Every structure is written in structure tokens, then in C-alpha cells.
1. Which ones in the range B:45-75 are under 25 Å from the mean Cα position of the chain (by Cα), at pLDDT 90 or above and not hydrophobic (A, V, I, L, M, F, W, C)?
2. Looking at the structure I just gave you, is residue B:80 in contact (Cβ under 8 Å) with a residue 24 or more places away in the chain, in contact with a Gly (Cβ under 9 Å, 6 or more places away or on another chain) and closer than 30 Å to residue B:44 by Cα?
3. Of these, B:173, B:180, B:145, B:156, which one is exposed (fewer than 15 other Cβ atoms within 10 Å of the Cβ), modelled with pLDDT of 95 or more and out of contact with any Phe, Trp or Tyr (no Cβ under 8 Å at 6 or more places or on another chain)?
4. Are any of the residues in the range A:23-42 under 17 Å from the mean Cα position of the chain (by Cα) and of a type outside the set (S, T, N, Q)?
5. Listed residues B:23, B:34, B:40; which is within 30 Å of residue A:138 (Cα to Cα), within 13 Å of chain A (Cβ to nearest Cβ) and either touching a Pro at 6+ places or on another chain (Cβ under 8 Å) or among the small types (Gly, Ala, Ser) (or both)?
6. Among the residues of the range A:40-59, is any within 27 Å of residue A:174 (Cα to Cα), hydrophobic (A, V, I, L, M, F, W, C) and not in a helix (DSSP H, G or I)?
7. In the range A:100-139, what residues are loosely packed, with under 15 Cβ neighbours inside 10 Å, at pLDDT 95 or above and within 13 Å of chain B (Cβ to nearest Cβ)?
8. For residues that are hydroxyl-bearing (Ser, Thr, Tyr), loosely packed, with under 15 Cβ neighbours inside 10 Å and more than 12 Å from chain B (Cβ to nearest Cβ), tally how many sit in the range A:60-96.
Number of protein chains: 2
Amino acid sequence: MIKAILFDIDNTLFPSGEFAELARRNAINAMIEAGLDADATETYAKLKKIIKKYGPNYPKHFNALLRELSMGNDPKIIAAGIVAYHQAKASIFPYPDVPKTIIQLREKGYRICVASEGRALKQWDKLIRLGLHNIFHDVFVTSRKSEKFYRSVLTKLKLKPQEIMMVGDSIEKDIRPARKLGITTVLVSSHPSKEGDYRINKISELPAIIERLEND
Amino acid sequence: MIKAILFDIDNTLFPSGEFAELARRNAINAMIEAGLDADATETYAKLKKIIKKYGPNYPKHFNALLRELSMGNDPKIIAAGIVAYHQAKASIFPYPDVPKTIIQLREKGYRICVASEGRALKQWDKLIRLGLHNIFHDVFVTSRKSEKFYRSVLTKLKLKPQEIMMVGDSIEKDIRPARKLGITTVLVSSHPSKEGDYRINKISELPAIIERLEND
């Protein structure tokens, strides 16, 4: 019997990829408006390479971009990029069915948790901006979603693997390590897949799956 | 004859103090809503002490605040404070008469500049959010508004002291060092003062002062 449901954040509770792309494109347009002499499409491709090279948490992507474009450190252009980037990243919204489905599951008596990979402050920042920070019972943030992480969640919740469900979009992080421990896994994906015990397109499909599972 | 006008940013172009106080009060309310067990008024007083102790550019005021309150590092509470703080600080607006007065002076042929103390990126960030970043001809940012700084501005603009006017709210930073060099100074203040060649309540009083000066 399922007692707790764990949710991934990025691309599970909100369209993270879409907002990140929008934020980067906004930043580049703002930098060009502020005086950067470059083509928007080419600059976006260069920025993506820089993010890949330095990682997403590196704080000076735009400085690296200007170096890549053989420009000096221009605070007007960098500030323009940062302002536009943050304005887009600050206005994230959950997938429309997410808040009501989670509240509905909570009211049915399930323990509703977040299981997220990243920096605690950054993941909490997202939950707050999504307006979900007071809905979850527990928020678990780890630097890597390994089997060890899922085992530590079981210990903290004082539950057995068969009492937990993990919901997420990443086969590598949300499905495989959790499933190895016997946790019921639900893949959020629009593409057919053999991974996960269940696959859903939208979070609103979750209550029906849980109901079926409880009646088996 | 005046050829260039230098403007201070904080409390000259926008009510910086008011927004900073609003941002801090919002942050504390958000932290209490996120679980901080403290009184808002007392916490605000503690935060002000911390900002005084560590300086305004220290990036971890809220961590220091939780330590001061003998609480551990709680990422939910800190993230709640950061989000609320940035949302308030991100929505700064110029004093209502500032944009049209500056554009009017620019159209009359004056070189319109910013002379600001702080970090270049942070000062540009403000100009961009105020929607003024494309109106100024030049932006000069220094770590300290000393006589040396004003001399370097004269050199960069290739102008003599009597061709420049400095407008700002700080006697220490905007008036005294500029006046020593012979720059015409205008104090923005609602209190009578013997400092500065002129005193105005609002930026919109500036064109009349310049006109009188030119006709003398």
C-alpha cells in the first residue's frame, strides 16, 4: 500500500527546459539591445556550449560568452543579460494540473514529498516561485539521486520500498535507482518507454494509477 | 557654460532607501511565512545590524540572520527570503519626473552622464531596471567618489570643471569633492543646506536652474 509519493521538480512539476531556453534567449536579446554586436541565433548556440562546458551552476556564463566573442568585460551588456535572464527565470509556473493534483493526493492522506537533485537553496527557490513550498510534507535534496539517496529517504520516512512511489521524468535519476530498491516508479514522458512501472503524460493521471494499484 | 550633467543614481534617480526597506521587510515576512519563528519588527532590527556589520554587498545576510537567531542553515527559509527580497528589489521605479527631465536635457544638447559609487554590474543592473540605460551618454562607476574620481571624469569627457554640473543627494560624495574642483553642484534634498551651489527638491527643477545659469 502506497503511503508516500516522491516528486522530481524539473520537467515534472514545471517545464524547466522551456523556461531555461526562454530565459537564455531573452538574455541574449537584451545583451544585443544593450550593445552586443552579434547574431542572436549564433550567440545562443555559443552560450549553450559554454553552459555545457562550465556546468549550469557556474555564475559567470555571460562573462565567458563575451570572452568567447572576443569582447572585453562590459558591465552594461552583462547586467542587461542578467536582468533579462532572471526576469524570465523568476516567472516560472507549474504545469497547470500539478497544484490541484498534489493537493488532492495530500487530502487523500498520502505523504507528499519532493526528491530533487541539485543545490538545496536553488531547488527551494523553485518550489517557492511555483507556489508549492507549503504543500509538500518533506523536501529531500541531494547532489546525486543514487540508490543510497533513495535508501536514506526510506529511513527518514520510516517506510518500506513498497509503500513509496517515485514520480519523475528522468530514467537515469528518477526511475532506475528507485526501482532497484523496489520503489514503485512512474515515468513522466510523452514517449513510449519500457522503463518505470507506469508511464504518464501528465501528473493528473496519477490518482487513477494509485487507485488501481490499491484495488489490486 | 554647462556642457555635461552628472547624476548620482541612489536616492537621486529613484527612492533607493524606500525600496531597500520594502525588500527587507518583504523578505522577513516571507521567511516567517516559510517557518521562521520570530517577530517581524525585532528581526528587521537584527537584519539592519547585520547589514551594517557585514556591509551591503555581503551575499549571505540571511544566513547570518539565522545564526543570530540561533537557528541552523534552513534552505527553505533562506530561499523564501531571497525570492521575496529580489522580487521587491527587481521592481524599482524612477522618481516620476526623472525620465522626462533627463530626456529633455539630452534633447537640449547636454551630455547626460551617471556618476555612481558601487560595483559596475550592480549600478548597471539598476539603470536597466529603471529603464534609463539607453538614455545616458556615459556611465562612470567608481569604488569611491573622491576628487580623483571627478578629475578622471573631466579627463574622459575632455571638459573643464566649469562646463560640468554634478547632481546628487550626498553632501559627502556628490557635493564636496566635486565642488572642490570647481564643478557646479546641485544638492537633491528636501532639507535646507549650506552645501552645494544649488539645492532642489526634485530633478524637474533642474532645467530652470541651468537656464538661469546660462543667462547670467
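The values are calculated or read from the model by the stated rules, or taken from the named source; none is laboratory data. Just so it is clear, the model here is predicted, and its values are computed rather than measured. As a convention, Cβ positions derive from the backbone with ideal geometry for all residues, glycine included, and neighbour counts pool all protein chains shown.
1. B:46, B:48, B:49, B:52, B:53, B:54, B:60, B:61
2. yes
3. Exactly one of B:173, B:180, B:145, B:156 is exposed (fewer than 15 other Cβ atoms within 10 Å of the Cβ), modelled with pLDDT of 95 or more and out of contact with any Phe, Trp or Tyr (no Cβ under 8 Å at 6 or more places or on another chain), namely B:180.
4. The initial filter retains those residues of the range A:23-42 that are under 17 Å from the mean Cα position of the chain (by Cα), namely A:23-24.
Still in the running and of a type outside the set (S, T, N, Q): A:23-24.
For the range A:23-42, residues under 17 Å from the mean Cα position of the chain (by Cα) and of a type outside the set (S, T, N, Q): present.
5. On inspection, the qualifying residue turns out to be B:34.
6. no
7. The answer is A:137, A:138.
8. Residues that pass the stated criteria total 1.
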